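**Q** Here you go, one structure.
Read-outs throughout are calculated quantities, based only on the coordinates presented, and are distinct from any laboratory measurement. Computed from a prediction, not measured in an experiment: that's the story for all the values here. Reconstructed Cβ throughout: ideal geometry from the backbone, glycine too, with neighbour counts over all protein chains shown.
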Ligand code: URA
């Protein structure tokens, strides 16, 4: 089995820092399974993932299956790793797998994924040629009866999972990174980034390096394409699904318009 022993920055759940209070369930109102689940999460340790080097995307995917860097692995069905060609020019980064993705083991294959597919198509981007992944590779949810309700990942989950995203970006070395929603945008552009104010803006981006002597040893660095990389953020497809009927078409059009701006960076 590949070495994915978590290292560094080991923190206890009870001492977590940087957790958005909006992400914290109200424990007084949680009973039964909620309480048990929350208490179990609160006592587990957080660390950061340690992707193996020189194993390619398939090796990373296999290693990520065993990741225990944060407690999200336990209630989740499986790790949902990124998908797409290693020579993709575009990387799309979402937040975390949803309920459908958690069951199927693939990113963006549920309702948000269908909307994303349509938007990419309308923008002229071929999803099959893009690499699609998430900032967090396990589904975070609370269980209410049979329903699993999405919970936004906390910054501690994003930090723990970040080395997987960095390793993917280093290997794919794209020309354009599109952050879908605030979690991905904050992960890659910093906590101060505001989708509402800065969406659709292309910015230069320095992807993590792959190559001998670096953290993400991609092996034969002579083949590494030399090009500029751009990054931009836009709204998450789920947000388009959530807005009222009267606003949905405009929200969808704005998403497509942002994706078209991204496409221009490839020209
Ligand atoms: N939302 C995401 O952010 N990612 C997925 O893979 C699915 C839904």
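**Q** Using a Förster distance of 22 Å, how high is the FRET efficiency between residue 201 and residue 87, based on the Cβ-Cβ distance and rounded to 0.05?
**A** Between residue 201 and residue 87 the formula returns 0.25.
**Q** Using Cβ contacts closer than 10 Å as the measure, can you line up 186, 137 from fewest to most?
**A** 186, 137
**Q** If you don't mind, there's one more thing I want to ask. Length gain on complete extension for the stretch residue 149 to residue 117, per 0.36 nm per residue less the alpha carbon to alpha carbon distance?
**A** Contour length minus Cα-Cα distance gives 9.2 nm.
**Q** When 157, 66, 236 are ordered from fewest to most other Cβ atoms inside 10 Å of their Cβ, what list results?
**A** 66, 236, 157
**Q** So, in nm, how far is label residue 260 from label residue 248 when the simple model puts each one 7 Å beyond its Cα toward the Cβ?
**A** With each label point 7 Å from Cα toward Cβ, the separation is 2.2 nm.
**Q** When a footprinting reagent is the concern and you count Cβ atoms within 10 Å, what order do 62, 168 take, fewest first?
**A** In order of increasing Cβ crowding within 10 Å: 62, 168.
**Q** Turning to a different aspect of this structure: If we sort 189-197, 94-102 on the protection proxy, mean other Cβ atoms within 10 Å, highest first, what's the order?
**A** Packing order, densest peptide first, comes out as 94-102, 189-197.
**Q** While we're here: List the equivalent ellipsoid semi-axes of region 26-266 in whole Å, largest first, each obtained as the square root of 5λ for an eigenvalue λ of the Cα gyration tensor.
**A** 28, 24, 15
**Q** Which values, in whole Å and largest first, are the semi-axes of the equivalent ellipsoid of region 73-156 obtained as the square root of 5 times each eigenvalue of the Cα gyration tensor?
**A** In descending order the semi-axes read 24, 14, 10 Å.
**Q** Compute the distance in nm between two label points, each set 7 Å from the Cα along the Cα-to-Cβ direction, one at residue 142 and one at residue 129.
**A** According to this spin-label approximation, the distance is 4.4 nm.
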